[in-house]
Amino acid sequence: MAAFPQPPAQGHGPVDWSDQDRAEIAELMTHYPTQRAALLPILWLAQRKWGWLSFDVMRRVAQTVDLPPSEVYSVATFYTMLKKQPTGKYLIQVCHTLSCKLAGADRIVEHIKDRLGIEEGQTTPDGMFTLMRVECLASCGSAPMMQIDDDFFEQLTPESIDRILDGLAKGEPLPLPRPEVDKWTFQSLES
Ligand code: FES
């Protein structure tokens, strides 16, 4: 799997939470038995705030949950959903695990690479798109699929990818998941 490189030496510089962040963290912690157990949602919050998890951000999170920075680092580097380097405006993650692989994930990745003119792990020069291969995203019945930011796009074809990327390049918002996919999935389950 093409993994994110380790965090670059240059990061955000010293970072700190706002009062609103601190209130959100305090509320989050009420849902967990220990500060340590709240690490993942706080990393998620940090990513939302600062865009990606530099060493500076991980150090701030470590202080917040009273853990060694190395433990925060080990968790942050385990999950592909946590970004360890800046990405483009849209992060495209194509699943290449078994179901998607058999359904043509390699062809999907090659199509996106050709279309955007970048390799896996790279960002387009205009800062719009970053492309990654990732392991199973738990939508195996709708392979091949990809995730863009927080949304799934399933039963992909080169044509459907072009439609999505064309829209985003024109400044349109991410389209909703295609309704025919949901219909197909539910029909399959009911039959
Ligand atoms: S194998 Fe691709 S979502 Fe599971």
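The numbers here are math on the coordinates, done by the rules we state, and not lab data. Quantities reported herein were computed from a predicted structural model and do not represent experimental measurements. Quick reminder, even Gly has a Cβ in these numbers, built from the backbone with ideal geometry, and neighbours come from all protein chains shown.
Overall shape of segment 40-132 was characterised from the C-alpha gyration tensor. The equivalent ellipsoid obtained from it has semi-axes of 30, 16, 9 Å, in decreasing order.
The order of LEU156, LEU102, LEU165, going from fewest to most other C-beta atoms within 10 Å of their C-beta, is LEU102, LEU165, LEU156. Taking a Cβ cut-off of under 14 Å around PRO158, the surrounding Lys, Arg, Asp and Glu residues balance to a net charge of -2, with basic ones at +1 and acidic ones at -1.
Report the antiparallel proportion of the DSSP beta bridges in the chain as a percent, rounded to a multiple of 5. All intermediate terms of the calculation are to be shown ahead of the outcome.
Details: 7 of 13 bridges.
The antiparallel fraction comes to roughly 55 percent.
Per the Cauchy relation, a quarter of the hull surface: what is the mean projected area of the convex hull of the alpha carbons in the chain, in nm²? Its average projected convex-hull area is 12.9 nm².
Let me check I've understood the local charge: for ALA37, count other residues with C-beta under 14 angstrom from its C-beta, Lys and Arg +1, Asp and Glu -1. What total comes out? Residues close to ALA37 contribute a combined charge of -1. Cysteine residues of the chain whose C-beta has no other cysteine C-beta under 4.7 angstrom: CYS136, CYS140. Taking Lys and Arg as +1 and Asp and Glu as -1, the other residues whose beta-carbon sits under 15 Å from that of SER99 total 0. Taking 0.36 nm per residue of separation and subtracting the current Cα-Cα distance, fully stretching the chain between TYR79 and ASP106 would add 7.5 nm. Lysine pair count for the chain (Cα-Cα distance under 25 Å; residues 8 or more apart in sequence or on different chains): 11. Helical runs (DSSP H, four residues minimum) scored at -39500 (n - 2.57) apiece and divided by the length of the chain put the mean residue ellipticity at 222 nm at -13000 deg cm²/dmol. Measure off 7 Å from each Cα along the Cα-to-Cβ vector at THR30 and ALA138, then give the distance between these two points in nanometres to one decimal. It is 2.6 nm. Between GLN122 and ARG59, the simple label model (points 7 Å from Cα in the Cβ direction) yields a spacing of 3.3 nm. Taking 7 Å steps out from each Cα toward its Cβ at SER70 and SER99 produces label points 3.9 nm apart. The stretch between ARG163 and LYS49, if pulled fully straight at 0.36 nm per residue, gains 38.1 nm over its current Cα-Cα span.
When only Cα pairs below 8 angstrom with a gap of at least 6 residues are kept, segment 90-173 shows a relative contact order of 35 percent.
Please report LYS170, LYS84 as a ranked list, fewest other C-beta atoms within 10 angstrom at the top and most at the bottom.
LYS170, LYS84
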